[in-house]
Structures are given as structure tokens and as C-alpha cells.
Amino acid sequence: MSQRSYKRRKYIVDHEFQYGMIRKMAILAVLIVVVSLSSLALIYHLYGDVQVEIIQPVPFALSESGGTIEEQSTILELLWPVLSISLLATLVVIFVFGVVISHRMAGPVYSMRRALAEMARGDLSRQVHLRKKDAFKPLAKDINGLKERWRMSIQELKRLCRELESGDNSKQKEHLSRLSEILSTFKTE
């Protein structure tokens, strides 16, 4: 079988699964941030607001001593912008990694569902090929093994049917016995 010469560009192949996974990861990230903020609020409640004095040089000060701006800020005033930006950055990173990670699962599932649909239509010719970092490789191997076993059985059934149709009566009983043996490997009831 030939390998694909192109790189797959469609990363969202199963919207429900992939967006659901990203949603769960984002909820987890938001919960982590909420717990962090709750801890900060608890510390604020227990110990009161901590005042921080910020001394900054005045830009473009003319004197050598340099003018300074003294400002009283609370920890919460300093941390809210940082926490907001951190939350936003976390959500963006989770979305990107969620797409990549879920694609490593949804892509193989999509490929295996397509292979099973082909099998249902009677096409046993193609194998399921997964990329290096894809998930579910053992399942793909099992599907490929199943396809191969069915393909070999059907090829032998076709060969036996051709030989029976050719009219060689001396081997007819042997061929019918082999047909029954192959068919007995499939349970239909």
C-alpha cells in the first residue's frame, strides 16, 4: 500500500468529540484559576489587604537625583491584570493543544469508522493507516487483521466456487467440505 504524500490539513474531523474534549479541558483550566483566585481571596480575608509600595523613577527626569513616583497599590490590584492575561493565555493554549491532542484520537476513529463502513459494503481491500503519533494503533491493527482474515476466507470461497463451477466432479465433495469448514468460522445466529 502506498503512503499518503500529503499532510492532512483538516484538524477538526469529529466536531462533537473534539470540541467536547476542548470544552472539558477549558473547564478544568478555569477551575484551576478559580481555585487560585479563591485562595487569594481567602488570604485577603484572613490577613487583610497587603499594601505594596511601588517606587518608580520618573521617565526623562532632568535632575541627577531623579524624581520618583510613589504609589500605594494592593496585591489584588497588581494581580488582577496578571491573572486575567494568564487565564486568557491558558485558554488559548488549551484550545490549540486540545485540537492537536483530540485530532490524534478523532482522526484515527474517523479513519476506522470509514474502514468499517467499507467493510459493511463488502470492500476489504484497503488497510487502516495511522500516523506515527496517533492513538488507537492496537485497534487499527485488529481491524486490519480482521479485514485480512475475511479477505483470505472470501478469496478461498471464490476459488472453491470457481472450481465447483468448472465441473470437476472428482473433487466436488472435497470442495463442498472445505466450503462448509470456512463458512462454519462465521457465526450469523
Nearest-0.05 FRET efficiency for residue 90 and residue 126, computed from C-beta distance (R0 35 Å): 0.30
Let's see if you can work this out: charge +1 on each Lys and Arg Cβ, -1 on each Asp and Glu Cβ, no other charges. What is the dipole magnitude of the stretch 136-189 about its Cα centre, in debye to the nearest 20? 280 debye
Label-to-label distance, nm, for residues given as residue 162 and residue 182 (7 Å Cα→Cβ offset): 1.1 nm
Return the FRET efficiency for the residue pair residue 142, residue 19: r is the Cβ-Cβ distance, R0 is 30 Å, and the value is rounded to the nearest 0.05. 0.60
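Bear in mind that the values in this text are calculations on the coordinates, not laboratory data. Predicted model, so just to flag it, every value in this text is computed and none were measured. No Cβ is skipped: glycine too gets one built from the backbone with ideal geometry, and neighbour counts run over all protein chains shown.
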